[in-house]
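Participant: I have a structure I would like to understand better, so I am pasting it below and will then ask my questions one at a time.
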Amino acid sequence: MATNPKIDMSDRAQAESARALVLQHLQEAHATEEALVTNLRAHIAMTPRGSYRDSLERHLTETQQHERAVARRIGEIGRDRGLLAAAYGAVTTLVGQALVLTKGPFDLLRGGPSGEEKLLKNARDEVVTEALEIAIYDALEALALAVGDDSTARLAARHRGQEERMLEQLRGHIPHLSNAVAQARAGGRPSYDWETTGAADTARKARRSAQRKATTARRPRAGKAETPFAGYDKLTASDIVSKLSDVTQAQLALVIAYERAHRKRATVVERAQSLQENEPFPGYDDLTARDVAQRVRDANEATAQKVRDYEGRHQRRVEVLEAASRQLSGSSS
């Protein structure tokens, strides 16, 4: 009967080769964790609030902890870092290309799968990557035990246990996500709500933060106040007025507060006040032209009209204006 081969740790060549192999698998584990941090952030951004997103957010925290722990272990045992650096860079690139399974939340605004279908696909992808991580840590634990590296073996076992729990949670979410797809396809009420996704929540937080800063800027305070944008104090009133249509609502509020507290130039204040209004939807001013155009393609007529009017008074970005006009033309046909 064949027996499992044993590593002779008293043989220096075998011992060094075995330790290098453990280090290689640690590097693969680290590259995997790094890639999955990117993946989870993108999936959270397109996932509405609820138990599924709660699972993703908890596992993002775990994955970030895993990445740091594996990096520490690599630093502790990677004495030949210079020799392995080039190979590690290649490993990181290959793993990243293989595991980053989505381009971001605005993929679902480019047509194709519905929001419900995109979430189901994400969950299925996540199941695959969890199974891969479990296999990686299975192999790492076995290799570490074979060379007597108990610290690495314990790390692998601990991480694998958390991946196994996440895999079980994901499989529990899939029936609910599948039912949502079936309901949306059958003409029922769609359950996907963009306004409750991670991306929308982040935009709202950014807007609240900007509003808090604007409120603080209005209050008299000692010391030098923050300028509304870079180079502000070097510009003439005419220069500032010409730039105001390109700034955000939060910056307009800062301009008004700053002028009232300092130079009190009526032309600047009046122009800034004339441009103050509600954004077409929360977080609008924080989005790029491409992001707004993609969002408008799935917007209703009222939102498309708001976007076209607002953009026409402010940045006048051609890509946004054209997308809004096409959406309005399609709604009226």
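The values are calculated or read from the model by the stated rules, or taken from the named source; none is laboratory data. Given the structure is predicted, the values throughout are model-derived calculations rather than measurements. Note that each Cβ is placed from the backbone with ideal geometry, even for glycine, and that neighbours are counted across all protein chains shown.
Participant: Quick one: which residue in Thr63, Thr38 is within 15 Å of Thr129 (Cα to Cα), modelled with pLDDT under 90, part of a helix (DSSP H, G or I) and not aliphatic (A, V, I, L, M)? Show your work before the answer.
Facilitator: Details: Thr63 fails: modelled with pLDDT under 90.
None of the other options fit; the residue is Thr38.
Participant: Among residues belonging to region 122-168 that are within 21 Å of the chain's Cα centre (by Cα) and not aliphatic (A, V, I, L, M), point out the one that is surrounded by the fewest Cβ atoms within 10 Å (Cβ to Cβ).
Facilitator: Arg124
Participant: Still on this structure: Please specify each residue of region 317-333 satisfying the condition of being assigned to a loop (DSSP other than H, G, I, E, B) and at pLDDT below 85. Walk me through how you get there before you give the answer.
Facilitator: So in region 317-333, the residues assigned to a loop (DSSP other than H, G, I, E, B) come out as 317, 333.
Scanning region 317-333 gives a single hit, Ser333.
Participant: What helices (runs of 4 or more DSSP H), lying completely within region 234-283, carry at least 3 residues that are without any contact (Cβ under 8 Å) to a residue 60 or more places away in the chain and closer than 27 Å to Thr197 by Cβ? Talk me through it step by step, then tell me what you get.
Facilitator: Numbers: elements: 237-243, 249-261, 266-275.
Here the list reads 249-261.
Participant: Let me ask something else. Could you tell me which of the residues Ala250, Ala324, Ala230, Ala257 is closer than 25 Å to Arg204 by Cα and not assigned by TED's automatic domain parsing to the domain that holds Ala210?
Facilitator: Values: Ala250 fails: not assigned by TED's automatic domain parsing to the domain that holds Ala210; Ala230 fails: not assigned by TED's automatic domain parsing to the domain that holds Ala210; Ala257 fails: not assigned by TED's automatic domain parsing to the domain that holds Ala210.
On inspection, the qualifying residue turns out to be Ala324.
Participant: So, one more: Leu21 - would you say it is closer than 21 Å to Asp149 by Cα, in a helix (DSSP H, G or I) and at pLDDT below 55?
Facilitator: Numbers: closer than 21 Å to Asp149 by Cα: yes; in a helix (DSSP H, G or I): yes; at pLDDT below 55: no.
In short, no.
Participant: Residue pairs, Cβ under 6 Å, 6 or more apart or interchain, first in region 305-317 and in contact (Cβ under 8 Å) with a residue 12 or more places away in the chain and of a type in the set (Val, Ile, Thr), second surrounded by 16 or more Cβ atoms within 10 Å (Cβ to Cβ) and in a helix (DSSP H, G or I). List them.
Facilitator: The qualifying pairs are Val307/Val296; Val307/Ala324.
Participant: Moving on. Looking only at region 262-281, filter to residues that are among the aliphatic types (A, V, I, L, M) and more than 14 Å from His314 (Cβ to Cβ); which one of those is surrounded by the most Cβ atoms within 10 Å (Cβ to Cβ)? Full working, then the answer.
Facilitator: Kept after step one, since they are among the aliphatic types (A, V, I, L, M), are these residues of region 262-281: 266, 268-269, 272, 275.
In the following step, the residues that additionally are more than 14 Å from His314 (Cβ to Cβ) were identified as 266, 268-269.
Working: Ala266: 9, Val268: 24, Val269: 18.
Out of the qualifying residues, it is Val268.
Participant: Take region 175-202 and flag every residue that is of a type in the set (A, V, I, L, M, F, W, C) and surrounded by fewer than 16 Cβ atoms within 10 Å (Cβ to Cβ). Can you show your working first?
Facilitator: Filtering region 175-202 down to residues of a type in the set (A, V, I, L, M, F, W, C) leaves 177, 180-182, 184, 186, 194, 199-200.
Correct list: Ala182, Ala186.
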